[in-house]
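I have placed the structure first, in the form of structure tokens, so that the comments after it can refer back to it.
The values are calculated or read from the model by the stated rules, or taken from the named source; none is laboratory data. Keep in mind that this is a model prediction, so the values were computed, not measured. When we count neighbours, we look across all protein chains shown, and the Cβ atoms used for this are built from the backbone with ideal geometry, even at glycine. Side chains included, ligands, DNA and RNA excluded: accessible areas come from the protein's heavy atoms. Shrake-Rupley method; radii C 1.70, N 1.55, O 1.52, S 1.80 Å.
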Amino acid sequence: MSTAVSSHTSVAPGTQDRPLRIAVIGSGPAGVYAADMLTKSEQVRDGLVVSIDLFDRYPAPYGLIRYGVAPDHPRIKGIINALYKVLDRGDIRFFGNVDYGTDLSLEDLQKHYDAVIFATGAIKDADLNIPGIELDGSYGGADFVSWYDGHPDVSREWPLTAKEIAVIGNGNVALDVARVLSKHADDMLVTEIPDNVYAGLKASPVTDVHIFGRRGPAQVKFTPMELRELSHSKDVDIVLYEEDFDFDEASDAAVKSNNQIKTMVNTLTNWLVEQEDDAADPTTGASRRLHLHFLHNPVEITGEDGKVTGIKFERTELDGTGNVRGTGEFIDYPVQAVYRSVGYFGSAVPDVEFDHQRGVVTNDGGRVLGADGTHVPGIYATGWIKRGPVGLIGHTKGDALETITHLLADREGLPLATEAAPESVVELLESRGVEFTTWEGWLELDAHEKALGAAASADGTVQRERVKVVPRDEMVSVSRGASIVG
């Protein structure tokens, strides 16, 4: 673990002549909320002056909101609007297309900043260790999300050749993946999906998408809004199975004590009742079907010639506590693709101690710890890289508050930056040839994407809000004001 290289002085920074310099690595909700809370803290209201720079490895801001939330998600606009308002105030600088660990090291940051907050999130899929997971046709849900969200560092092609698909997981991401797989491409045109994603979804031959969860309807991890979104897809039937609806004592208690769980259970059971009212034909004859299965534990992905041909599950039953046990009954489903959406997992951060079992930066309440278990002065973490990939936006705000509270409490003992002038980090990046982007550059790219949407809407058949730019070099060129060649 690298230690701070700058020296202490007897006077802590925090004046107009020498603001407290803070770098935040990651411009998703965790990073933006931490920066925002710092600027609105009681200490700042009492006169402390802070200077905050926000860095991101991507040319555009917003992190997982831009590259991890389904484009047809109804809440995405509200979240982006909130982040926009923070960054558009002008008191927080944004540096995009700057890769920590490549363009800037921890030693660099410690020279230019008094404190560093890592908010790098989690973008990789958690492992699912069952036989056959390596077969062609077995994919990570997070990888698929990156593709349909136009992530600049993933292939622009995705093999959508399966007619029958299994999605493993009962969280919001699993529902997003299943909804996008089953939804007709033309219904996605009103979103910001890139043209290559539209073309890929348009050519998909999918007829059936199956979502599988290990536990019962009362134990699902998605939210009511995500669940209701499933019923909004046109020409897609939702299919449920009566044998999957089991409730133990813990389930009943959860329904009675938690309004969110009660809402989801009521929604699911109402769908089941409506389906059973027409038992002869529970579907409307839609061209695609979205099946919801509960009490299924995946045990093996089966295949032939290296390709997925099916998936095997053991039926489970609730044990009275809300957990499940195996029943010894096994079921095979013929599918040609399997998407695992069992959670995200954090990636190691260079020069910072990392808990590889939990996928988080080693920390105590946001104070990053060294190999000896003590706090490394001036180094902090927030968001999923701090606590693991759990919780919603509300958790992220509380998480950021804890971290910045500790940072401000530590401020008189921070190892001070030796090159604290705001322009010095700009000079460093320029000297290294880093084509960084700025907030003003994002406004240019934002306007460009909206113009692409307006141009695509010119024929009047569908109104496209925007068309997301995918290639990194194009994003950088537009953001930096250069002309696009070719």
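Just a few scattered comments:
- Range of Cα positions in the range 185-255 per principal axis (Å), largest first: 49, 22, 19
- Divided by 2.2 N^0.38 Å, where N counts the residues, the Cα radius of gyration of the range 116-254 comes to 1.15.
- Only lysines eight or more places from Lys111 in sequence, or on another chain, were considered; those with a Cα closer than 29 Å are Lys40, Lys386, Lys397.
- Amide N of the range 315-350 lying under 12 Å from the label point, which is placed 7 angstrom from the Cα of Glu249 along Cα→Cβ: 319-322
- Per-q log10 I(q)/I(0), the range 86-170, q = 0.19 Å⁻¹ (Debye; single scatterer per alpha-carbon; no solvent): -1.04
- Solvent-accessible area per residue, Å², over the chain with all protein chains present [probe radius 1.4 Å]: 43 Å²
- Reach of Lys234 by Cα under 17 Å, taken over lysines that are not fewer than 8 positions away in the same chain: Lys183, Lys202
- Taking packing as the residue-averaged number of other Cβ atoms within 10 angstrom, the listed peptides 352-359, 253-260, 47-54 run from highest to lowest as 47-54, 352-359, 253-260.
- Counting only protein heavy atoms and a probe of 1.4 Å, the accessible surface of the range 86-135 is 46% carbon and sulfur.
- Building the convex hull from the alpha-carbon atoms of the range 359-451 and averaging its projection over directions returns 9.3 nm².
- Projected-area mean, the range 397-483, by convex hull of Cα positions, square nanometres: 9.6 nm²
- Net length gained if the chain between Val239 and Glu42 were fully extended (0.36 nm per residue, minus Cα distance): 65.7 nm
- Net lengthening on full extension, Arg228/Ser287 (0.36 nm per residue, minus Cα-Cα): 19.3 nm
- Surface composition of the range 273-412: carbon plus sulfur atoms hold 48% of the accessible area, using a 1.4 angstrom probe and ignoring ligands, DNA and RNA.
- At q = 0.12, 0.20 Å⁻¹, base-10 log of I(q)/I(0) for the range 170-321 (Debye sum, equal scatterers on each alpha carbon): -0.58, -1.35
- Separation between Cα centres of the range 71-146 and the range 194-224, rounded to whole Å: 23 Å
- Alpha-carbon centroid distance for the pair the range 424-486 / the range 335-349, whole angstrom: 29 Å
- Spin-label model distance (nm) - Asp91 vs Arg358, 7 Å beyond Cα toward Cβ: 3.3 nm
- Ala348/Thr374 FRET efficiency (R0 30 Å; Cβ-Cβ; nearest 0.05): 0.90
- Short-range pairs are left out: with C-alpha atoms under 8 Å and at least six residues apart, the relative contact order of the chain is 23 percent.
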